[in-house]
1. For region 204-225, which positions are free of Cβ contacts under 8 Å to residues at least 60 places away in the same chain and in contact with a helix residue (DSSP H, G or I) (Cβ under 6 Å, 6 or more places away or on another chain)?
2. Among the residues that make up region 471-480, is at least one of them out of contact with any helix residue (DSSP H, G or I) (no Cβ under 8 Å at 6 or more places or on another chain), more than 20 Å from residue 135 (Cβ to Cβ) and part of a loop (DSSP other than H, G, I, E, B)?
3. Any residue at all in region 228-240 that is modelled with pLDDT of 95 or more, outside any loop (DSSP other than H, G, I, E, B), within 25 Å of residue 484 (Cβ to Cβ) and more than 17 Å from the chain's Cα centre (by Cα)?
4. Which of (1) in contact with a helix residue (DSSP H, G or I) (Cβ under 9 Å, 6 or more places away or on another chain); (2) part of a loop (DSSP other than H, G, I, E, B); (3) at pLDDT below 95 does residue 335 not meet, given it meets every other one?
5. Please specify each residue of region 414-431 satisfying the condition of being under 18 Å from the mean Cα position of the chain (by Cα) and surrounded by fewer than 23 Cβ atoms within 10 Å (Cβ to Cβ).
6. With the structure loaded, tell me whether residue 281 is within 30 Å of residue 196 (Cβ to Cβ), free of Cβ contacts under 8 Å to residues at least 40 places away in the same chain and in contact with a helix residue (DSSP H, G or I) (Cβ under 9 Å, 6 or more places away or on another chain) or whether it fails that test.
7. Looking at residue 208 and the list (1) at pLDDT 95 or above; (2) more than 20 Å from residue 475 (Cα to Cα); (3) assigned to a loop (DSSP other than H, G, I, E, B), which single condition is not satisfied?
8. Which ones in region 298-317 are touching a helix residue (DSSP H, G or I) at 6+ places or on another chain (Cβ under 8 Å) and part of a loop (DSSP other than H, G, I, E, B)?
């Protein structure tokens, strides 16, 4: 009933409310859907016109249902689980869109043939790789990622709105902490894409709209906060979350140490370049990494357990700090890496996806590097050059290109590398080298000695690229450090490319639809 009501109120092609309800019902096992989430979803993406006429009718019912939902601590828990699910469902496609916009803008991937632009969907997929930054929802993924992000934030802010000052119930406080973490994470992903690197005049450059309450009126049209203020809000949310957690669940849920781990990343993004570091932020990145490494209880997988890292669920993984879990709902990232035979052009021998690891990336892997195991032979007929595909997303692969693979958003290896980079920027070469060697030794490529300064920093970035490949870090590691993203290789119809950290194309453009609905939002230049 809920889905039918709100499908009528909101255009099906923009919200797909019935799909949202089905996914949330499945995960949370609720017989009745939260009416307030479906209703307010109409305005969650800063796009109001479809719901203006019915807003007054919707709100009273929402208020009544909210009061029922949050009448007990269990209601806070159920709604929080629904917010996690909003990262994985087919309405937002949050995780897949994030992966595309984060990873495809680097030099780890190589599209290999013209089927990559044979349809409108494929055109959207390749937009980030070419740095076209389309603002039209028909030619890029900016619209769906932006609107999906603010739909997630709607659910998060609705939970937080109902938590009273001075609350002492541990179940409700746990829900508060988890939602603060989710809000900080979503804001951080948004500002990384839409805001310029932090070292570039953060007080003057626009960040994102900081929506901290559920949007309840079509007249609510917030402007973009500065990059600096956006980071301040992210830090505030994550710090408060870390202080509020009352328990540590499995790594499908946020925790105190997930907040610390993300804070180490946030401060690293604020720490400037190697030539002009902000040593205060570098030290804060190190301190939060210390908290995870010394007290979190996590451990790096070794040997065969490490090479099988991505072949299992995240929940028993001692290295993963926080993952977007897909055990209950499949994900479609493998569509880029592997396709079953006969998928394209009537070819019975076609058996590969269009996105391959770049030759540049593969050339960095030493012969004995265990990370070679994360790439499997997967040939396209007639192509004897690009014969490998990334296998990090094949857990419970179904042969129709879906899987239950988790998104390992935070893991211990990154925290070691965060601390290594923070230490070298703060002048602690010995500490940075020690952290670097932990990662090199685990990968089977041995340890280094006698390097410091620029040489050490360069090697840390190299190990970040190899260790975190296909996990959404690559382009950001260049741009936040004031370095160009350089592609030395050609793809099927793309030439070698260099994007400087000061290039306007470093940030993507905001959707035309969002700008049409909210005249207070400033577009990024191109």
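1. Across region 204-225, the qualifying residues are 205, 207, 208, 210, 213.
2. Taking every residue of region 471-480 in turn, none turns out to be out of contact with any helix residue (DSSP H, G or I) (no Cβ under 8 Å at 6 or more places or on another chain), more than 20 Å from residue 135 (Cβ to Cβ) and part of a loop (DSSP other than H, G, I, E, B).
3. Restricting attention to region 228-240, the residues satisfying the condition of being modelled with pLDDT of 95 or more are 228-240.
Now restrict to residues that are outside any loop (DSSP other than H, G, I, E, B): 228-240.
Narrowing further to those that are within 25 Å of residue 484 (Cβ to Cβ): 228, 230-231.
Now narrow it down to the ones that are more than 17 Å from the chain's Cα centre (by Cα): 228.
Yes.
4. Only one criterion in (1) in contact with a helix residue (DSSP H, G or I) (Cβ under 9 Å, 6 or more places away or on another chain); (2) part of a loop (DSSP other than H, G, I, E, B); (3) at pLDDT below 95 is unmet by residue 335, namely (2).
5. The answer is none; no residue qualifies.
6. On the way: within 30 Å of residue 196 (Cβ to Cβ): yes; free of Cβ contacts under 8 Å to residues at least 40 places away in the same chain: yes; in contact with a helix residue (DSSP H, G or I) (Cβ under 9 Å, 6 or more places away or on another chain): yes.
So residue 281 fits the description; yes.
7. (2)
8. 298, 299, 300, 301, 302, 317 - these are the residues of region 298-317 that are touching a helix residue (DSSP H, G or I) at 6+ places or on another chain (Cβ under 8 Å) and part of a loop (DSSP other than H, G, I, E, B).
The values are calculated or read from the model by the stated rules, or taken from the named source; none is laboratory data. Only a predicted model underlies this, so the values are computations on that prediction, with no experimental measurement involved. Glycine also receives a Cβ, built like all others from the backbone with ideal geometry; neighbour counts cover every protein chain displayed.
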